[in-house]
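Chemist: Got a structure here, written out as structure tokens. Questions coming.
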Amino acid sequence: MAPLEIIIVGGGIAGLAAAIALRKGHRQITILEQSPISQEIGATISLQPNASKIVEGQWGLSTALQEMGSMVDDAFEVYDLDGIRQMRIPLATKEKYGAERMMYHRADLHQVLRERATSPSFPGRPTNLRVSSRVVSCDCEKGIVRLASGEILTADLVIGADGIKSVIRKSVLGKEIIASPTGLSAYRMMIPVEELEKNPDFARVINPRKSCTTMVVGRDRRLIMGPARSGSIYGVVALVPDENMEESSANTSWTTTGDHGKMLSSFADFPVWAQTPLRLAEKVGLWQLRDLNPLSTWCRGRGILIGDAAHAMLPTQGQGASQAIEDAEALGAFFDQFESGTDSVVEINRDIFECRYDRATTIQAYSRQAAKPATEEGDKKAKMNPAEFMDYNCSYSGALDWKMRHVATMI
Ligand SMILES: Cc1cc2nc3c(=O)[nH]c(=O)nc-3n(C[C@H](O)[C@H](O)[C@H](O)COP(=O)(O)OP(=O)(O)OC[C@H]3O[C@@H](n4cnc5c(N)ncnc54)[C@H](O)[C@@H]3O)c2cc1C
């Protein structure tokens, strides 16, 4: 049988992870990325044990990530505005879930994934990463992709890893589905830790080199913070209700540059110590948080959606990228059957969708639930308590194991 030809639309975390998982033998993998260079933003990102197990263990990227300053996230701590710690949940997850919860700089994770997908030093043909290649449409039945340049490419398998504003989603579903605003926006910034340490007000309450995620909770706004790059920088997400952002609904960009002054006035009620990282931020990004309602399907013919294109979710469980990595692992596991000639691409895509849908959709619902009271829409699936959900999220050993334990019993 001829080796599989694969086009992946989108070179974000989902697309690169899919290339790694599928890289095998003579398979020919091309990633089409619209941006000219890596656009990964300056922010921290955490991978939960269910995904760090795949990235650091199965794909062997632990050393490369360590060299970039990856950190184990030891605990989740919550402070009130008086600077009193209200809660500390130890996260030592290795014993229970087989891997740690990890914190990275997003650009570092992206770079390590890109290297693993494209370098000739690993088994299988290196992925061909084509930048400045924006896809405008796809015929999923035939596996035909059209670029903005007019170029037309074909493949056995087309993976839509093109994020929350996916073009491939329209080709799979036959109609446009736009992610809905959730009432929350996030300012994002990174501050050098040595600058924070010069401010005794802040350092008296929080040690920014400590390997943990810290949340400072106000009435309807909060700060979520954590270190990256071996504790040299501190990533801060400042969550505010949308109306404070005064974002025009006509604004088509959901990630923009944030207004520093507006951010400071949004947090004017916070005490001086808690405002310190906001004051010190030199560059502020702004992210309007949107998510998708569960789609009716993720696949059509030779096309399949993964990552945010399939199930964009709120960041409240820190599972968005982790679910994208689970999708990628599932592609690798299920397409192992392809070369044996027993199943077609269309059948394998359907199997992957059936295996992944319930889990990703449940986590999506719970992420929405955890954002309340800012969003009110709930879901039966989300009515577990946080400990139950942690178990659900993190007890994962790959798609085939999941299929055996869950999907097979549903039939
Ligand atoms: C505030 C916030 C905090 C978060 N924190 C975490 C966290 O700690 N842990 C976690 O697991 N997740 C987190 N997430 C979620 C996580 O960032 C996303 O789930 C993840 O980045 C999705 O990856 P993706 O590759 O599917 O999409 P994207 O990262 O959006 O990548 C899509 C790629 O496709 C490209 N593209 C788009 N359209 C086209 C086209 N037409 N042609 C070619 N290329 C195209 C884009 O340029 C981009 O490179 C957070 C999200 C937010 C909003």
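Chemist: When you look at L22, is it out of contact with any Asp or Glu (no Cβ under 7 Å at 6 or more places or on another chain), more than 23 Å from H105 (Cα to Cα), more than 9 Å from the ligand (Cβ to nearest atom) and not polar (S, T, N, Q), yes or no?
Modeler: yes
The rows are residues; the columns are (1) of a type outside the set (K, R); (2) assigned by TED's automatic domain parsing to the domain that holds S232; (3) exposed (fewer than 14 other Cβ atoms within 10 Å of the Cβ); (4) more than 9 Å from the ligand (Cβ to nearest atom).
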| residue | (1), (2), (3), (4) |
| --- | --- |
| S132 | yes, no, yes, yes |
| C138 | yes, no, no, yes |
| I152 | yes, no, yes, yes |
| D156 | yes, no, no, yes |
| D162 | yes, no, no, no |
| K165 | no, no, no, no |
| P192 | yes, yes, no, yes |
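Chemist: Separate question: Taking the stretch 108-123 on its own, how many of its residues are of a type in the set (G, A, S) and surrounded by fewer than 17 Cβ atoms within 10 Å (Cβ to Cβ)?
Modeler: Qualifying residue count for the region: 2.
Chemist: Let me ask another. List the pairs whose first member sits in the stretch 143-160 and is closer than 18 Å to S35 by Cα, whose second member is surrounded by 18 or more Cβ atoms within 10 Å (Cβ to Cβ) and of a type in the set (D, E, K, R), and whose Cβ atoms are under 8 Å apart, counting only residues at least 6 apart or on separate chains?
Modeler: G160/R169
Chemist: Which residue, of E347, E354, is without any contact (Cβ under 8 Å) to a residue 24 or more places away in the chain and assigned by TED's automatic domain parsing to the domain that holds M313?
Modeler: Going through E347, E354 in turn, just one is without any contact (Cβ under 8 Å) to a residue 24 or more places away in the chain and assigned by TED's automatic domain parsing to the domain that holds M313: E347.
Chemist: Does T30 fit the bill of being more than 19 Å from the chain's Cα centre (by Cα), within 12 Å of the ligand (Cβ to nearest atom) and surrounded by fewer than 19 Cβ atoms within 10 Å (Cβ to Cβ)?
Modeler: So T30 passes the test.
Chemist: When you go through I306, I325, I348 one by one, which is the residue that is among the hydrophobic types (A, V, I, L, M, F, W, C) and more than 14 Å from the chain's Cα centre (by Cα)?
Modeler: I348
Chemist: State all residues of the stretch 1-19 that are more than 7 Å from the ligand (Cβ to nearest atom), among the small types (G, A, S) and over 17 Å from A333 (Cα atoms); if no residue qualifies, say none.
Modeler: Hit for the stretch 1-19 is A2, nothing else.
Chemist: Next up: Take the residues of the stretch 265-303 that are more than 15 Å from the ligand (Cβ to nearest atom) and part of a strand (DSSP E or B): which is nearest to the chain's Cα centre (by Cα)?
Modeler: C299
Chemist: Give me the strands (runs of 3 or more DSSP E) completely within the stretch 32-106, filtered to those with at least 1 residues that are charged (D, E, K, R), within 28 Å of A274 (Cβ to Cβ) and not assigned by TED's automatic domain parsing to the domain that holds A321, ordered by residue number.
Modeler: In the stretch 32-106, the matching strands (runs of 3 or more DSSP E) lie at 75-79, 85-90.
Chemist: Just one of the numbered conditions (1) part of a loop (DSSP other than H, G, I, E, B); (2) touching a residue at least 12 places away in the same chain (Cβ under 8 Å) is not true of N207; which one?
Modeler: (2)
The values are calculated or read from the model by the stated rules, or taken from the named source; none is laboratory data. The structure displayed is predicted, hence computed values, not measured ones. A quick note on method: Cβ atoms are made from the backbone with ideal geometry, for glycine too, and the neighbour counts reach across all protein chains shown.
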